[in-house]
Amino acid sequence: MNRDRARWNEKHRRKTAGSAPAAVIRRFWRHAPGGRALDIAAGAGRNARYLAAQGFRVDAVDISDVALGRMPDRPPNLRPVCADLEHFDIPPGTYSLIVNIRFLKRRLFPQILAGLVPGGLLIFESYLAGSGPDYCAPSCRDYLLGPNELLHAFLPLHILHYREARLMEGARPFYAATLVAVRQSLIPG
Ligand SMILES: C[S@@+](CC[C@H](N)C(=O)[O-])C[C@H]1O[C@@H](n2cnc3c(N)ncnc32)[C@H](O)[C@@H]1O
């Protein structure tokens, strides 16, 4: 078995499932046109379930079959996809909404841009470098965003919201960049 999958499966086995959806998703999902949504690194599906309940047809991608297996009562409009995002490709021009919460795979940035339909919405929130020892954050720097990195990566989109701040979700604070942006429709020449 893929070593990352085994490691994440072990983490998910120790976790209790069923936390609330990310606050930024609850706040901004209405800016997306209806249609298909992609949840990148969906975990046990707290965000995917919420979006499915709002009527999106959701593809929830994660490397962990243990996490995705925590969706036995999933609605028919939520499709779990067990895949390593190191190799997964996002189909272009497909999604009205792409969410990426607490996960960073830079190779996906151009595919996220291309994966949105015109008018489609991106909601991205992940850990920033530079937090203190009491903060929740991945230990490997490869998984931490630099200052303004997320903003620069998605400048081709129309930015609705961007901030870098200390956030609180669960027991420990985390330091994160949050971006909400729309792929503009092409203006006919
Ligand atoms: C911190 S959790 C965030 C889960 C979810 N986005 C949320 O907000 O609850 C990171 C997730 O990334 C998944 N993951 C880690 N590496 C991955 C990879 N290479 N491909 C796909 N998923 C991966 C893990 O299984 C885990 O569910």
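Under a model in which nothing but the beta-carbon of Lys, Arg (+1) and Asp, Glu (-1) is charged, the range 1-90 shows a dipole of about 440 debye around its Cα centre. Considering only alpha-carbon pairs that sit under 8 angstrom and 6 or more positions apart, the relative contact order computed for the chain is 18 percent. Only the Cβ atoms of Lys and Arg (+1) and of Asp and Glu (-1) were treated as charged; on that basis the dipole of the chain about its Cα centre amounts to roughly 400 debye. Could you please report the charge total around residue 93, scoring K, R as +1 and D, E as -1 over all other residues with beta-carbon less than 15 angstrom from its beta-carbon? Net charge around residue 93: 0.
Comparing mean-square fluctuations of 171, 20, 137 from a GNM of the chain with C-alpha springs under 10 Å, the top value falls on 171. Bridges between two residues of the chain, per DSSP, are antiparallel at a rate of about 45%. Between rounded, prolate and oblate, where does the range 1-126 land on the alpha carbon gyration tensor, with a ≥ b ≥ c its root eigenvalues, rounded for a/c under 1.5, else prolate if a/b exceeds b/c? Oblate, because a/c is 1.5 or more while a/b does not exceed b/c.
Counted by neighbouring Cβ atoms within 10 Å, the residues 169, 10 run from fewest to most as 10, 169. Going from the fewest other Cβ atoms within 10 Å to the most, the residues 168, 71 appear in the order 168, 71. Taking other residues whose beta carbon is less than 10 angstrom from the beta carbon of residue 25, and scoring Lys, Arg as +1 and Asp, Glu as -1, yields +1. Note on residue 89 and residue 13: their simple-model spin labels are 3.5 nm apart, each label 7 Å out from Cα toward Cβ. Close amide-amide hydrogen proximity is noted between residue 95 and 116, 117, each under 5 Å apart and 5 or more residues distant or on a separate chain (H modeled in the peptide plane; Pro and chain starts excluded). Close amide-amide hydrogen proximity is noted between residue 160 and 180, 181, 182, each under 5 Å apart and 5 or more residues distant or on a separate chain (H modeled in the peptide plane; Pro and chain starts excluded).
All of the numbers you see were taken from the coordinates with simple rules; none came from a lab. Since the model is a prediction, treat every value here as computed from it, not as a measurement. Counting neighbours? That spans all protein chains shown, and the Cβs are built from the backbone with ideal geometry, glycine included.
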